[in-house]
Every structure is written in C-alpha cells, then in structure tokens.
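Read through the structure below, which is laid out as structure tokens, and then see the notes.
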DNA sequence: AATTGTTATGTTACAGGTAACAATTAAAAT
DNA sequence: ATTTTAATTGTTACCTGTAACATAACAATT
C-alpha cells in the first residue's frame, strides 16, 4: 500500500520557514521558542498531523522509556493481573509496556526477547524460570535490568520476585491432610516448570505423612474442559480418591462443574482444590479452595524494582536479589 | 544503569577487519560473502552477542513487519481470543504484533495509536467504534491500512469486520420472549458503545412485542461480583422478573452463582442469559445461554484483510468495507 | 596481451531527531 | 555610542543499517 509519507519535523519546519531544530525545541521546551513561532508551529503540527518518530531515539542510544514484559499466555488470567500490577507502577512513571507472549516455549521466548531488545527496551520482565543460552547471552549484552517473576526456585539472572511453588503445594497438601483427606490426587497440565514444582511439593507432603502420592499429568493446555476430563479419569483410575489438588484453578473449576453434572457432592464426596485464587473460583458455589497468590503485588514489586534499577547507576545498586512475596492457603468451601 | 553498549554491525566489522557493509551482507545473503570472512563474522557475532537494531529500519521508512493491535482490556477473555485469531494469520506471515490496551477510553486509545505509529507499524487493528478526532487524523496521515473489529454499527475508517450488536440483542430478546419469558431485565455495565447498542436491540424487541423494557445500568467494570450485585438489585427493583439478559457472560455467570447461593433455581425461577459464549459459561452447570460470537474468526479475517491491504498497491484494492460474520443464539440450559 | 566477466569488498549518502556549540538579533547597561 | 547580556534561531555531527554505485583483484575468454 502506498504511503502518504507521514510528516517529519523537517516538514513542519519547512511549513513555518524554520529549521527542524526549532520545531524540536518547541516540542521539548516550548518556552525556548518565541511566542510568534510557537503558534505558527503549533498550527502546522495540527495541520500536517505530525506523529513522533521513535527511530532517532533508538539510534542515538537514548532511553526508550519502554519496558518489555514477557508472559507465557494472554489467555491466562493470572498474567493479566500481573500485567496490571506492573503497569500501575510503570505507566505513571512514563514508561510504555511492550507486551509479548511465548506460549510457554523457551525457544519462542528467545525470539520475543530478541524482538524486544531490537526495540531497545530499557528493561525486561520475564515470567519463565528457564531460558535458552542465547536468551541469557542477549540479555547480558544488552546490559539492561531484568526482573524475573513468579517462581523463586531457581537462581535469578538479576532479580527475582515471586513465591515458592514447592512450598505452597507442600503447605496446601498438608492442610488437606490435616483436614482428614487421605487419597489426594494431584492433577497437572501444560507440563511447565511450575506444574512440576508443585508436584514436587505435593509429593513431599504426602510422603512425609506416609500417604501414597498419585498424580495424573498431561501436556495439554489447561482448560475447564480438561479439568472435567481429568476428574473423570481420576474416578476411573483411583476410585477411592477423596480429594484432588489441581495445578491451577481452571482445572479445578472444570472438575467441580463435572461433579455437579454427575451429582457428586463437593466437598462431601470429593474435595477439589486449585491454585492461584481466580475470580471465578472465588465467586462460584461452592467457593473454590485455592492457594491465593498476590499476582498484582508481584507486578507492582517487579515494576518498582525494574524502574529503580533503570534509574540508578549500576554500581550503587544493592537490592536483595530474591523477594519472596508468599501466598495464602485458602480452603474455601470446596475442601 | 550503565549500559555495556550493545554491539552494532560496526563492532562486528571492526572485530573481523571489514566494513559494516560486509557484515550486513552476511546477515542478509551469506552467499555474497566469501567463505573465509563468513566464518570469521559468524564467530564474532556469536562472541559479541549481536542483537539486531530496529532503528535504521524505522529511519529509512522500510516496512517494519509489525502490526499494531488495540484492545480495550487484557482481562477480557473475548479479546484474548481475537488476538489469537489475528496472530494465527500474521505470525506465519512474519509480522510481529504490537499489543496495547486502552481501558475503553478513546483518549487513552489516542495515546496508544500515537505510540504504535511512532514505531511505524505497517497496519492497525482497532476494537473501538468511537475514536477521537486526532486519532483519525494521525491514522490518515500515517497512510497505513486499518481494520476495525467487533461491532459493525458505524461507518468504518477503512475496513470493518464484526457483527451487529443491535440485531444480536434483538434476536436473543425475541428468542427469550418466544420461550415465554415476559419480564426480562437487561443488565449493563462498563457503559461502552457495545453495551448501549445491545440495550437498543433489547429495547426494540421488547417494545415490538408490547413488553416493558427494563434495565439496570452501571458504569462499573464487569465482574462476577458485579453480576451478583446486579441480580440482587434486580430482585429488589423488579421482583416479578423471570429472566435477565446480561451485556456479557461475566455478569451472567456472577448472577447464576448468586442464584445458587440463594437457592433460586435457574432457569425455573430465573432465566439468565449472557453474551459472547465464554468457556466458563459453556462448561458450567447449568450451561449458560448466550449469544455465541466468532471471536477467533473475526481475528482471522481481520489479520487476513490487513495483510492483503498492506501487500497491495493502494489502487488495486477493492474489498467490501464491512464484513458481517454473524453470531449464534444459544439458549443452553440457563434459559 | 587485451578484454570481458565474476567475485568480494568498499564508499557514499540517507533516514529523523537532538546535543552541543555558533551565530544573530534585539534589548539593557554602561 | 559602545559594550554586555539575554533571547532566539541556525549549523554540524552523530546514532545504525542498507541501497546504489564504485573499485579491486583475479579468472576466463577472445
């Protein structure tokens, strides 16, 4: 498609008979330009519909006032809230968010990191624990601050803000055992690192209390429908199950719906537990038992940390590298 | 934070004793460079961790191979699916998506459009029907293709792909009346254009059948909790209500949960209807009645249209400007 | 031996905004 | 009237990659 050639500062300058430097001044600090030219320029900008151009900023390696945020999935409610938390901090500070998602794949993450770096973001927030070697190398060479979020069970590239998935699953499992459940099955989907870490915590808790850990794992992406399927399989494979612990709320909610269809009483015949404390789960009947995680708070802290590192001289920075924001075990009505 | 100065083509060139032109050739078409230099350059790039730089692309107004996508909200499941639909088309074609959201505000939309244009996106997909004057002006000056999506009740800037919200609400209301419901109340939140259009369709259908339209509208953002509150208010304000038609599934689902808490049988005592056909609603018990909209399909078509206009000479384009993808009335189990 | 062709690399210019410095003009102070 | 100061605008250079053209070196052909 033919481009109407967008107008540049030069075009504005030509229109008012000045150099582009003067127009640039008008935009940056209008008081440095005389009253007369000021109004002429303002008029020309209006008329020609000037749109700022990021290119020169990038070229002279000025700050871009943009930060890159990588989340595994946009469908996942959890990350929508994390993003909100981040932007609550970064927007008012004048930073634009460049958002990208990578479908839980480190290889796609690598592409996205390259993409974000090619636009000279001033900082990066990553949601994944594992990165490709080239991802790490690129970030290192770019020399920008990086904050990783969500899980804290791995050494950070620079800074890490999240909670302990292993311990959270351990604590929840323990709470369930305390409540009297014995045949607890763990349901996992989308076999990413977090799912595996939770399995680890669950297994540890079960073994410690001399109970047999049982799990059904699939690499299919989480959905309500999958939760339904998995509980059906659970009933078949382990008929004596009295409680299922799902890796996330989507599975748990789907499982509850399936129980409602089959007239299985929750929690009397089957207790069902999720992870993260989504809106749906908290509003539904019965209210879903879940590990409540402070997603928005994680976003806030990640944004704050990133900005303060961006704005500091590298050597005067001395933050703790890992921040544990914790979580809350909530047994709701479904367990 | 001090930058380690990312390496440019010049740095690579210096490292191998060539000019950056040669390195550029290596990246674009390796065969044009001799075997010997090729391996030296490859080594240097590896070592110095070269990251491509978008700036020169933008500067010389080359195609950026990125498209801008504006959605009102990331929390809204509907748009997550639209985005997936768009990217299914644009990703394989080599285009990066620059995603931004504007919280249903035309003023913020304007800022986001400026932001996207400042990065020289090759095309734009907008989800809103109303835009500020400056938004329109900027888009016009930028001379790039624009596809608007979702509602078709307004004249398009260029192309428009969606469905008729008024007619959809009209048809659903009619279907409910046909089913025997008489005291139908419309619940609206986040008073954006789409909510108002649906109200219009609902009102028309009620009036046509000699029934009194009743609605409760609030400008609060939709949520399950709000759906619960609104049905409580409905029961108070209009005790004889036998059916509520919610502007979206979130409200409807929240309302159903509230009914379950209060032991109000759905649909026997109260029919509840939503809009869009979300996963939750389709999985829950009772299955939610809703207007099923082809979000992903809208995304597909929008992506296809945008790319084909980008790739064409402006004058040879001759598509229909408005595409109506329709919708499906689904009465599920809740009506 | 002279010409043509081929391959590999270099040179120059350009895109748009801004920092740093220079120059001009007008007003103020001597 | 002359110098000083302030206010306004201009000039130059730079950031990075690439298109377009130029050159160099050598092989192949006449």
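The values are calculated or read from the model by the stated rules, or taken from the named source; none is laboratory data. Just so it is clear, the structure is predicted and the values come from calculations on it, not from any experiment. So basically every Cβ, Gly included, is an ideal-geometry build from the backbone, and we count neighbours across all protein chains shown.
Residue under question is residue B:154, and the condition is that it be free of Cβ contacts under 8 Å to residues at least 60 places away in the same chain and either surrounded by 22 or more Cβ atoms within 10 Å (Cβ to Cβ) or in contact with a strand residue (DSSP E or B) (Cβ under 9 Å, 6 or more places away or on another chain) (or both); does it hold? Spell out how you get there, then give the answer.
Values: free of Cβ contacts under 8 Å to residues at least 60 places away in the same chain: yes; either surrounded by 22 or more Cβ atoms within 10 Å (Cβ to Cβ) or in contact with a strand residue (DSSP E or B) (Cβ under 9 Å, 6 or more places away or on another chain) (or both): yes.
Yes.
Spot the failing condition for residue B:335; the list is (1) surrounded by fewer than 18 Cβ atoms within 10 Å (Cβ to Cβ); (2) assigned to a loop (DSSP other than H, G, I, E, B), and only one is missed.
Only one criterion in (1) surrounded by fewer than 18 Cβ atoms within 10 Å (Cβ to Cβ); (2) assigned to a loop (DSSP other than H, G, I, E, B) is unmet by residue B:335, namely (1).
For residue B:99, are the conditions met, namely being at the interface with another protein chain (Cβ under 7 Å from one of its Cβ atoms) and at pLDDT 95 or above?
Working: at the interface with another protein chain (Cβ under 7 Å from one of its Cβ atoms): yes; at pLDDT 95 or above: yes.
When the stated conditions are applied, residue B:99 passes them.
Have a look at B:41, B:89, B:83, B:51 and point out the one that is within 11 Å of DNA strand C (Cβ to nearest atom) and either in a helix (DSSP H, G or I) or within 12 Å of chain A (Cβ to nearest Cβ) (or both).
After ruling out the rest, the residue left standing is B:41.
Here is a list of conditions, (1) touching a strand residue (DSSP E or B) at 6+ places or on another chain (Cβ under 6 Å); (2) in a helix (DSSP H, G or I); (3) under 30 Å from residue B:52 (Cα atoms), and residue A:195 meets all of them except one; can you say which number that is?
Failed condition: (3).
Report, by residue number, each residue of segment B:54-79 that is in contact (Cβ under 8 Å) with a residue 60 or more places away in the chain, within 8 Å of chain A (Cβ to nearest Cβ) and away from DNA strand D (no atom under 16 Å from the Cβ).
B:77 - this is the single residue of segment B:54-79 that is in contact (Cβ under 8 Å) with a residue 60 or more places away in the chain, within 8 Å of chain A (Cβ to nearest Cβ) and away from DNA strand D (no atom under 16 Å from the Cβ).
Kindly check whether there is at least one residue in segment A:50-67 that is closer than 20 Å to residue A:151 by Cβ and in contact with a strand residue (DSSP E or B) (Cβ under 6 Å, 6 or more places away or on another chain). Walk me through it before giving the result.
As a first pass, look at segment A:50-67 and keep what is closer than 20 Å to residue A:151 by Cβ: none.
Scanning segment A:50-67 turns up no residue that is closer than 20 Å to residue A:151 by Cβ and in contact with a strand residue (DSSP E or B) (Cβ under 6 Å, 6 or more places away or on another chain).
Could you identify the single residue in B:247, B:212, B:218, B:241 that is away from chain A (no Cβ under 14 Å), touching a helix residue (DSSP H, G or I) at 6+ places or on another chain (Cβ under 8 Å) and touching a residue at least 60 places away in the same chain (Cβ under 8 Å)? Break it down into steps so the answer makes sense when it comes.
Details: B:212 fails: touching a residue at least 60 places away in the same chain (Cβ under 8 Å); B:218 fails: touching a residue at least 60 places away in the same chain (Cβ under 8 Å); B:241 fails: touching a residue at least 60 places away in the same chain (Cβ under 8 Å).
Only one candidate qualifies: B:247.
Mind listing whichever residues of segment A:186-197 are closer than 13 Å to residue A:227 by Cα and in contact (Cβ under 8 Å) with a residue 60 or more places away in the chain?
A:186, A:187, A:189, A:190, listed by residue number.
Which residues, counting only those in segment B:27-38, are within 11 Å of DNA strand D (Cβ to nearest atom) and assigned to a helix (DSSP H, G or I)? Walk me through it before giving the result.
Taking segment B:27-38 and keeping what is within 11 Å of DNA strand D (Cβ to nearest atom), we get B:27-29, B:32.
Hits for segment B:27-38 are B:27, B:28, B:32.
Might you let me know whether segment A:284-296 holds any residue that is free of Cβ contacts under 8 Å to residues at least 12 places away in the same chain and out of contact with any helix residue (DSSP H, G or I) (no Cβ under 8 Å at 6 or more places or on another chain)? Give the derivation first.
Of all residues in segment A:284-296, those free of Cβ contacts under 8 Å to residues at least 12 places away in the same chain come to none.
Among the residues of segment A:284-296, not one is free of Cβ contacts under 8 Å to residues at least 12 places away in the same chain and out of contact with any helix residue (DSSP H, G or I) (no Cβ under 8 Å at 6 or more places or on another chain), which makes the answer no.
Can you work out which of the residues in segment B:311-324 that are touching a residue at least 60 places away in the same chain (Cβ under 8 Å) and surrounded by fewer than 18 Cβ atoms within 10 Å (Cβ to Cβ) is nearest to the other protein chains (Cβ to nearest Cβ)?
So the residue we want is B:319.
Can you name the residue in segment B:3-14 that is more than 8 Å from DNA strand C (Cβ to nearest atom) and part of a helix (DSSP H, G or I) and is also nearest to the other protein chains (Cβ to nearest Cβ) among such residues?
So the first thing to find is which residues in segment B:3-14 are more than 8 Å from DNA strand C (Cβ to nearest atom), and the list is B:3-12, B:14.
Now restrict to residues that are part of a helix (DSSP H, G or I): B:9-12, B:14.
Working: B:9: 13, B:10: 13, B:11: 10, B:12: 12, B:14: 16 Å.
Ranking the qualifying residues of segment B:3-14, first place goes to B:11.
If I ask for residues that are more than 30 Å from residue A:5 (Cβ to Cβ) and buried (at least 20 other Cβ atoms within 10 Å of the Cβ), which ones from segment B:46-72 would you list? Break it down stepwise before answering.
Restricting attention to segment B:46-72, the residues satisfying the condition of being more than 30 Å from residue A:5 (Cβ to Cβ) are B:46-50, B:72.
Within segment B:46-72, B:50, B:72 qualify.
When you scan segment A:15-33, do you find a residue that is within 14 Å of another protein chain (Cβ to nearest Cβ) and either away from DNA strand C (no atom under 12 Å from the Cβ) or over 21 Å from residue B:133 (Cα atoms) (or both), even just one? Break it down into steps so the answer makes sense when it comes.
Keep residues of segment A:15-33 that are within 14 Å of another protein chain (Cβ to nearest Cβ), which gives A:15, A:27.
With either away from DNA strand C (no atom under 12 Å from the Cβ) or over 21 Å from residue B:133 (Cα atoms) (or both) added as a condition, the list becomes A:15.
Within segment A:15-33 (the criterion being within 14 Å of another protein chain (Cβ to nearest Cβ) and either away from DNA strand C (no atom under 12 Å from the Cβ) or over 21 Å from residue B:133 (Cα atoms) (or both)), the answer is yes, since at least one residue qualifies.
Answer yes or no as to whether residue B:128 is closer than 24 Å to residue B:297 by Cβ, free of Cβ contacts under 8 Å to residues at least 24 places away in the same chain and in contact with a strand residue (DSSP E or B) (Cβ under 8 Å, 6 or more places away or on another chain).
Values: closer than 24 Å to residue B:297 by Cβ: yes; free of Cβ contacts under 8 Å to residues at least 24 places away in the same chain: no; in contact with a strand residue (DSSP E or B) (Cβ under 8 Å, 6 or more places away or on another chain): yes.
No.
So which of A:74, A:70 is at pLDDT 95 or above and over 30 Å from residue A:16 (Cα atoms)?
One residue alone meets the criteria, A:70.
Could you tell me whether any residue of segment A:11-26 is under 41 Å from the mean Cα position of the chain (by Cα), surrounded by fewer than 19 Cβ atoms within 10 Å (Cβ to Cβ) and away from DNA strand D (no atom under 11 Å from the Cβ)?
Checked against the condition, which is being under 41 Å from the mean Cα position of the chain (by Cα), surrounded by fewer than 19 Cβ atoms within 10 Å (Cβ to Cβ) and away from DNA strand D (no atom under 11 Å from the Cβ), segment A:11-26 yields no hits at all.
Out of curiosity, is residue A:282 over 15 Å from residue A:168 (Cβ atoms), within 11 Å of another protein chain (Cβ to nearest Cβ) and either within 22 Å of the chain's Cα centre (by Cα) or not in a loop (DSSP other than H, G, I, E, B) (or both)?
Here the answer is yes, as residue A:282 does meet what is asked.
Output the number of residues of segment B:146-160 satisfying the condition of being within 16 Å of residue B:69 (Cα to Cα) and assigned to a loop (DSSP other than H, G, I, E, B).
Number of matching residues: 2.
Every residue, every condition in (1) crowded, with 24+ Cβ neighbours inside 10 Å; (2) assigned to a helix (DSSP H, G or I), yes or no:
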residue: A:225; (1), (2): no, yes
residue: A:255; (1), (2): yes, yes
residue: A:273; (1), (2): yes, no
residue: A:297; (1), (2): no, yes
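Pick from segment B:117-145 the residues that are part of a helix (DSSP H, G or I) and more than 10 Å from chain A (Cβ to nearest Cβ): which of them is nearest to the chain's Cα centre (by Cα)? Break it down stepwise before answering.
So the first thing to find is which residues in segment B:117-145 are part of a helix (DSSP H, G or I), and the list is B:117-118, B:133-142.
Restricting the remaining residues to those that are more than 10 Å from chain A (Cβ to nearest Cβ) gives B:133, B:135.
Details: B:133: 21, B:135: 18 Å.
Looking at residues that are part of a helix (DSSP H, G or I) and more than 10 Å from chain A (Cβ to nearest Cβ), I get B:135.
Of everything in segment B:190-214, what is at pLDDT 95 or above, under 30 Å from the mean Cα position of the chain (by Cα) and more than 25 Å from residue B:326 (Cβ to Cβ)? Give them in sequence order.
Of everything in segment B:190-214, just one residue is at pLDDT 95 or above, under 30 Å from the mean Cα position of the chain (by Cα) and more than 25 Å from residue B:326 (Cβ to Cβ), namely B:214.
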